[in-house]
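The values are calculated or read from the model by the stated rules, or taken from the named source; none is laboratory data. Fair warning: this is a prediction, and the values are worked out from it, not measured in the lab. In this analysis, Cβ positions are derived from the backbone assuming ideal geometry, glycine residues included, and neighbour counts consider all displayed protein chains. Side chains included, ligands, DNA and RNA excluded: accessible areas come from the protein's heavy atoms. Shrake-Rupley method; radii C 1.70, N 1.55, O 1.52, S 1.80 Å.
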Amino acid sequence: MGRFDGRVAVITGAARGIGFGTATRFSEEGAAVAIIDLDETAAAEAAASLPGKAVGIGADVSNAESVDAAVARVVEELGGIHILVNNAGITRDNLLFKMTEVDWDLVIGVHLKGAFLMTKAAQKHFVEQRYGKVLNLSSISALGNRGQANYSAAKMGIQGFTRTLGIELGPFGINANAIAPGFIATEMTDATAARLKMDVEEFRKLNADANPVKRVGFPEDIAAAAAFLCSDEASYITGQTLYVDGGSSLG
């Protein structure tokens, strides 16, 4: 018996990185998984590589019609929805005086509006069945990070959104929590290294040395925490943000 046998999990931005790591863990534990990504081809390829039943769906999480169509397709193809992981995200880093309105709107749109639209679409099913798990991805950058005014604002907004979901949805058997990752070795952070003209391994070592456990995180670290928070073992936990950051937020 797997922890998620009989459950359908939807994970956004899951064609790679943290999202794919989480999709893999949930699939290994018995869930039917819907990978939602802006790139439908990448989503389908990722879904095909999972060990259990899975579908890949292309959708723009910042667009209401696209989101509603994606959730409807999940329910039709997988028979329901029980878990939603709002992981989709982008970065458009720059110092405030260089940041454009487009940079701001894109990041806020994917992270915050995307989580809002996906949760609104999913909660209709959750409320009806009086069961659901919502997990939102925040970040240690919510505490402030140079060059990330847009990203930091979005990620702290996710925490406030999560707390409010806990209050509003708790009476309907729905738990809502968030994970705030620290530095995680992914294609996105490798791209940051390239933008800074740093060697990837050097960049990872720099970040490893900056936290108490002296290593970087990996998608599997986030997936392990996600699996717990989306399980029935965590049914008395809601509205919380768990920092999975190797102790970086300790100061």
Based on what the data block shows, is GLY246 assigned to a loop (DSSP other than H, G, I, E, B) and under 22 Å from ASN145 (Cβ atoms)?
yes
ILE174 fails exactly one of (1) crowded, with 17+ Cβ neighbours inside 10 Å; (2) out of contact with any Gly (no Cβ under 7 Å at 6 or more places or on another chain), namely (2)
Out of everything in segment 60-83 that is in contact with a Leu (Cβ under 7 Å, 6 or more places away or on another chain) and of a type in the set (A, V, I, L, M), what residue ends up being nearest to GLY132 (Cα to Cα)?
VAL67
Here's a check for you: in segment 1-29, which residue that is outside any loop (DSSP other than H, G, I, E, B), open to solvent by less than 20 Å² (accessible area, probe 1.4 Å) and among the aliphatic types (A, V, I, L, M) is nearest to GLY217 (Cα to Cα)?
ALA23
Would a scan of segment 30-41 turn up a residue that is surrounded by fewer than 23 Cβ atoms within 10 Å (Cβ to Cβ) and over 30 Å from ALA153 (Cβ atoms)?
yes
Restricting to segment 168-194, what's the tally of residues that are in contact (Cβ under 8 Å) with a residue 40 or more places away in the chain and in a helix (DSSP H, G or I)?
6
If you check every pair at least six apart or on different chains, which have Cβ atoms under 7 Å apart with a residue in segment 118-137 that is touching a residue at least 60 places away in the same chain (Cβ under 8 Å) first and a residue that is among the hydroxyl-bearing types (Ser, Thr, Tyr) second?
MET118/THR12
Unmet criterion (only one of (1) outside any helix (DSSP H, G or I); (2) over 18 Å from the mean Cα position of the chain (by Cα)) for GLY56
(2)
Can you spot a residue in segment 195-202 that is under 21 Å from LEU250 (Cα atoms) and surrounded by fewer than 21 Cβ atoms within 10 Å (Cβ to Cβ)?
no
Which listed residue is among the charged types (D, E, K, R) and surrounded by 18 or more Cβ atoms within 10 Å (Cβ to Cβ), from ASP232, ASP221:
ASP221
